[in-house]
1. Holding the Cα-Cα limit at 23 Å, pick out from LYS281/LYS381; LYS121/LYS161; LYS37/LYS237; LYS154/LYS382; LYS252/LYS342; LYS284/LYS387 the pairs that are longer than that.
2. Counting other beta carbons within 10 Å of each residue's own, what order do MET1, MET106, MET361 fall into, fewest first?
3. Let me have the relative contact order for the chain, percent, based on Cα pairs under 8 Å that are six or more residues apart.
4. Which of (i) 36.3, 136; (ii) 22.8, 66; (iii) 21.9, 65 is the computed Rg and Dmax of the Cα atoms in Å for the structure on display?
5. Where both partners of a DSSP beta bridge lie in the chain, what percent of those bridges are antiparallel, to the nearest 5?
6. Cα axis of helix 335-354 to longest principal axis of the chain: angle in degrees, 0 to 90, nearest 10?
7. Using a cut-off of 9 Å between beta-carbons, work out the net charge of the residues near GLU400 (Lys and Arg +1, Asp and Glu -1, GLU400 not included).
8. Among 175-186, 59-70, 209-220, how do they line up from the highest to the lowest mean number of other beta-carbon atoms within 10 Å?
Amino acid sequence: MIPYHRFFLKNGLEVIIHQDLGSKMAVFNLLYKVGSKNETSGKTGLAHFFEHLMFGSSANVPVFDRELERVGGACNAFTSPDITNYYITLPAANIETAFWLESDRMLQLTLSEKTIETQRKVVLEEYKQRYLNQPYGDAFHHLRDMAFDSHPYKWPTIGQKTEDIENFTREDVLDFYETNYQPGNAVLVLAGALDPKEMERLATKWFGDIPNHWISRKSIPRDSQQTVKREKFIEAKVPTDALYKAYRMPAKLEKGYLEADLITDLLGSGNSSILEQTLVKNGKHFASISAFILGSVDPGLLIFSGKMEQGVNSKEAEEILDQVVTQFLTSDISEHSLQKVKNQGIAMKTYESIKLINRAMNLAYYAHLGNPDLYWEEFEKKSELGKEDILSWANLLIREENASVLHYQSLLT
């Protein structure tokens, strides 16, 4: 367990304090419960765009990074389909500077036309470099759009298309800010050699007077069960064919999520995994292969992703992949293999907990799900799952009528 003290301000801000007296550094992690799933079609990419805007200026802070650097701090952020997370590391003695900076931009961020246009250019350039000008860069644009019907997971966090980003108005930006960037929609985690009573005082001093607004959000549609295999072919000037095969799977806190996680651990995690050994090291069709889940809060995807060897067609590669996966579905899982992936999970959890920032982020993430203790409860449940549970869910999820397949085919071969 990660020890913590938790309380709420009157305006709804959830505050969690994790004391670690062995660290001279502190982490100030502020999570907002908004991601790309809270966008609407035609205005996609707004959550990520706003993350960029948050590093501009606010009423009392001309340049966010400069003020932080003066006290030996550093910061960063990320946006996912489900959340937006901002984090600062700085000497524990200077923690109040982080309170000042974050509270000022929560309450009174400067959203001038100049700032918006500057960041629009930055985000559009990122879009082009990472997704349009990279081989296979838009693969998950196509896969998401095919696999989801109406859920906002249909589009990637960067946005569905560049036109959406180009057409954001200042009114769109202001509405997004006023709706989502408020204390009742946030979780603040403070970690390090910090005194809990002093942190309560500082949280009340800097955030207590920030008003909370009632959030009127549209309900997020839930896709109906998929009944027919979906398939899409893309031709591009890429080195070799690539294959992306996705299956619908349960949401983060639903039964079947942890089983799906273990399925991908067994099949495609690491050099000793079934897919790596069978298809890459001892096969001739795949140059690389992996299996993973998206890890989304709402129902998501279990994915097999692979690059073909030169001259190998993705359709042929899919047949070979299916043979190996079918063998897994119809065979027994050895206790040795299951324990091995569980031990890897324990090792990863142990390594993860060494860093103060990881502990802070995990407390924030699971608090946004409802309870910080879910972090360890989930881990314990996963550790207790048996092979019968895993195989039962594997056969339930990995079915052709539940699949969406993207064939990314090379024009160069």
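1. Going by Cα-Cα distance, LYS281/LYS381; LYS37/LYS237; LYS154/LYS382; LYS284/LYS387 fall outside the 23 Å limit.
2. Going from sparsest to densest Cβ surroundings: MET1, MET361, MET106.
3. Relative contact order of the chain: 22 percent.
4. Among (i) 36.3, 136; (ii) 22.8, 66; (iii) 21.9, 65, the one derived from this structure is (ii).
5. The antiparallel proportion sits near 80 percent.
6. 20 degrees
7. Computed value for this residue: 0.
8. The most tightly packed comes first, giving 175-186, 59-70, 209-220.
Coordinate-derived values only; no laboratory data. Owing to the predicted nature of the structure, the values given are computational and were not obtained by experimental measurement. Heads up, the Cβs are rebuilt from the backbone with ideal geometry, glycines too, and the neighbour counts pull from every protein chain shown.
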